[in-house]
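Take a look at the structure below.
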Amino acid sequence: KDGAEPLAALNLEVAPRDGERINWKSKIVLQLGEDDLPLLCCVCLGYLPQAEFKRPTKGISIQRQPGKLFISASQGADKCFALPLPIPQSFQLGALALKQLKQQAGFEDEQLILAALRGAAALYQP
């Protein structure tokens, strides 16, 4: 916007499985930016139990469940996918989201970011 440097974002892509293969041609993509990244980080860190990211024609929901994050994505009336994300991949998603949030916020102090996320999570009402 107006010559400003673009903010860091994160694309979440959810696609169905066809047997052992992933059908990337049918994927649902949602870009998470400055309003969404803090919520994603809060869920990954355990500060919030779930979050929903909605756009006019599609959305992704992420929920903490025992041993995994459960991701569901929908687009239109006929496209709906579910993805259980086990602990190792949940860690990777959380680390990537935090890295992008740190870049977006422009803060070097990780403790400040974690404290801000805890405070933001306390305000969240779905």
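We did not get these values from a lab; they are worked out from the coordinates using the rules stated. All values reported here derive from a predicted model rather than from experimental measurement. With ideal geometry, Cβ positions are generated from the backbone for all residues, glycine too; neighbour counts draw on all protein chains shown.
General observations
- Residue with peak Gaussian network fluctuation, the chain [Cα springs, cutoff 10 Å], from 19, 76, 46: 19
- Rounded, prolate or oblate (a/c below 1.5 giving rounded, otherwise prolate when a/b exceeds b/c) for segment 54-116 by Cα gyration tensor: oblate
- Positive minus negative residues near residue 47 (Lys, Arg vs Asp, Glu; Cβ under 14 Å): +2
- Spherically averaged projected area of the convex hull of Cα atoms, the chain: 9.4 nm².
- The calculated Kirkwood hydrodynamic radius for segment 15-68 is 12.8 Å, given to one decimal from all distinct C-alpha pairs.
- For the chain, the longest principal axis of the Cα atoms and the long axis of helix 110-123 meet at an angle of about 70 degrees.
- Cleavage-rule hits, trypsin sites (Lys or Arg not before Pro), segment 1-101, DSSP coil, Cβ neighbours within 10 Å at most 13: 1
- GNM flexibility winner over the chain from 110, 52, 34 (Cα, springs under 10 Å): 110
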